[in-house]
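Please read the structure below before turning to the comments.
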Amino acid sequence: MSKATAKLFTPQPNVSRVIKLFEQELGSPLFERTSKGLKLTAYGKSIYSYAENILKNVNLITDTNSISSNNNFYVATYPSNIMSWLLVELYQKHPGMIFSHQQGTVG
C-alpha cells in the first residue's frame, strides 16, 4: 500500500477508501487482506487485466496525433494469424511507415 500512496501522492486512508468504494461498486473484493499486506484475488487479477487493456487503448488513442505527423502506425489486436500477414502487406505498400503492433487477450 505504501508504494501506491507514494505513486499517487495521497495518504493511505484515501487509497483504502477508494479501493473499498470500488469493491462495493463492483460487488466483489479485489484484494485479500493479510498480515503481510494486500494480495489480488482472482477477480482482482481479471479486473487488473482489463485495466491494462484499457490503458493500452488510451495510450493508442492519445498517440493518434503522432500517427499522421510522424508516419507511425499503431494497432492493438487479439491474437490472430492473419494480422501478421496484413501488417507485412501494409508494410510492403508503405515502406517508410513505422509500425507498432500490440497483441492482447481478454480475461
Within region 22-33, residues at pLDDT below 90 and either in the same structural domain as GLN103 (by TED's automatic domain parsing) or surrounded by 14 or more Cβ atoms within 10 Å (Cβ to Cβ) (or both) come out as none
For GLY96, indicate whether it is at pLDDT 75 or above and not β-branched (Val, Ile, Thr). yes
Within region 1-53, residues touching a residue at least 24 places away in the same chain (Cβ under 8 Å) and assigned to a loop (DSSP other than H, G, I, E, B) come out as MET1
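Could you tell me how many of the residues in region 77-93 are among the β-branched types (Val, Ile, Thr), surrounded by 10 or more Cβ atoms within 10 Å (Cβ to Cβ) and in a helix (DSSP H, G or I)? Please lay out each step first, then the result.
Within region 77-93, the subset among the β-branched types (Val, Ile, Thr) is 77, 82, 88.
Narrowing further to those that are surrounded by 10 or more Cβ atoms within 10 Å (Cβ to Cβ): 77, 88.
Next cut, in a helix (DSSP H, G or I) only: 88.
Total satisfying the criteria: 1.
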Note on region 20-51: residues under 30 Å from GLN103 (Cβ atoms) and among the β-branched types (Val, Ile, Thr) are THR41, ILE47
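To keep it simple, each residue is scored yes or no on (1) exposed (fewer than 14 other Cβ atoms within 10 Å of the Cβ); (2) touching a helix residue (DSSP H, G or I) at 6+ places or on another chain (Cβ under 6 Å); (3) more than 30 Å from PRO95 (Cβ to Cβ); (4) of a type in the set (A, V, I, L, M, F, W, C).
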{"residue": "SER2", "(1), (2), (3), (4)": "yes, no, yes, no"}
{"residue": "PHE9", "(1), (2), (3), (4)": "yes, no, yes, yes"}
{"residue": "VAL15", "(1), (2), (3), (4)": "no, yes, yes, yes"}
{"residue": "LYS20", "(1), (2), (3), (4)": "yes, no, yes, no"}
{"residue": "SER35", "(1), (2), (3), (4)": "yes, no, yes, no"}
{"residue": "ALA42", "(1), (2), (3), (4)": "yes, no, yes, yes"}
{"residue": "ALA51", "(1), (2), (3), (4)": "yes, no, yes, yes"}
{"residue": "ILE61", "(1), (2), (3), (4)": "yes, no, no, yes"}
{"residue": "VAL75", "(1), (2), (3), (4)": "no, no, no, yes"}
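The values are calculated or read from the model by the stated rules, or taken from the named source; none is laboratory data. On a predicted model such as this, the values are computed, not experimentally measured, just so you know. A quick note on method: Cβ atoms are made from the backbone with ideal geometry, for glycine too, and the neighbour counts reach across all protein chains shown.
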